[in-house]
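K.L.:
Before anything else, here's the structure in question.
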Amino acid sequence: MAIKSSIKAYFPTLIYEGALVAEAQKQRKFLKDLENSSQKVFQSDTQGKKWSATHYPNGYTSYSSISNLHELNSSFINLKKKIDTHVAKYAQALGFAPRKLQMQSCWLNIMPPKATHSLHLHPLSVISGTFYVSVPKGSGALKFEDPRLSKMMAAPERRDKFASGSFARFAPRAGNVILFESWLRHEVENNTGVDERMSISFNYS
Ligand SMILES: [Fe+2]
């Protein structure tokens with residue numbers, strides 16, 4: 001007679017991905033509008049370009065200069081409203097008590113070829129994420145680190161479906177949002193393509 005045993009997963013790390021607009025034609029219009037608004041932000045943001053030259057090699061971010069995109073104009077306010085809905089769903093899946101999470105900051109990122117963003121987390125926030133406006137070929141994955149990594153003192157290499165090891169890679173798609181808990185370390189891989197990748201990141205707390 002077989003001996004009974006069971007294996008259950010505890011402490012899962014949840015990562016959310018969703019489309020903001022369902023219909024293809026409406027999505028194209030939505031993305032075009034956001035791209036135009038984002039280009040205007042980029043063109044006007046002298047301070048951000050200066051900061052990026054030192055802190056964001058080969059790329060541009062408005063993180064230090066214009067981090068309230070969600071209050072700036074109707075394009076970004078509309079974006080925020082759509083993201084709010086996804087954040088509510090994600091928060092529910094995480095089992096958070098029904099408290100209102102608010103978007104606290106929102107900024108633009110433009111990553112030309114050779115741009116990369118090394119491992120980091122988003123301190124003092126609860127949920128963070130990125131919405132992808134433009135994702136040309138070769139623009140790199142969003143790579144999450146297994147939060148248990150620093151504790152794996154003698155863990156052997158893993159096989160088969162676990163072969164990717166301690167990282168999970170998401171190939172971003174234009175029109176989609178990816179959400180994660182703000183403590184989860186992540187990085188943006190090198191843009192090996194020839195075109196710029198454009199995204200909008202945010203924090204909720
Ligand atoms: Fe990030």
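K.L.:
Looking at segment 84-104 only, could you name the residues that are open to solvent by less than 20 Å² (accessible area, probe 1.4 Å) and either of a type in the set (Phe, Trp, Tyr) or within 16 Å of the ligand (Cβ to nearest atom) (or both)?
P.N.:
Val87, Tyr90, Met103
K.L.:
Does any residue of segment 161-170 turn out to be without any contact (Cβ under 8 Å) to a residue 40 or more places away in the chain, in contact with a strand residue (DSSP E or B) (Cβ under 9 Å, 6 or more places away or on another chain) and within 30 Å of Lys82 (Cα to Cα)?
P.N.:
yes
K.L.:
Taking the stated definitions as given, is Glu35 at pLDDT 95 or above, in a strand (DSSP E or B) and either out of contact with any strand residue (DSSP E or B) (no Cβ under 7 Å at 6 or more places or on another chain) or surrounded by 13 or more Cβ atoms within 10 Å (Cβ to Cβ) (or both)?
P.N.:
No: the conditions fail for Glu35.
K.L.:
Does segment 109-118 hold any residues that are open to solvent by less than 30 Å² (accessible area, probe 1.4 Å) and within 13 Å of the ligand (Cβ to nearest atom), and which are they?
P.N.:
The answer is Asn109, Met111.
K.L.:
Against the condition touching a strand residue (DSSP E or B) at 6+ places or on another chain (Cβ under 8 Å) and assigned to a loop (DSSP other than H, G, I, E, B), how does Tyr10 come out, does it pass?
P.N.:
Details: touching a strand residue (DSSP E or B) at 6+ places or on another chain (Cβ under 8 Å): no; assigned to a loop (DSSP other than H, G, I, E, B): yes.
No: the conditions fail for Tyr10.
K.L.:
Restricting attention to segment 119-149, which residues are assigned to a strand (DSSP E or B), open to solvent by 20 Å² or more (accessible area, probe 1.4 Å), of a type outside the set (Lys, Arg) and more than 10 Å from the ligand (Cβ to nearest atom)?
P.N.:
Matches in segment 119-149: Ser134, Glu145.
The values are calculated or read from the model by the stated rules, or taken from the named source; none is laboratory data. Just so we're clear, the structure is a prediction, and the values are computed from it rather than from any experiment. Glycine gets a Cβ as well: all are built from the backbone with ideal geometry, and neighbour counts include every protein chain shown. To get the accessible areas, we keep the full protein, side chains included, count just its heavy atoms, and leave off ligands, DNA and RNA. Shrake-Rupley method; radii C 1.70, N 1.55, O 1.52, S 1.80 Å.
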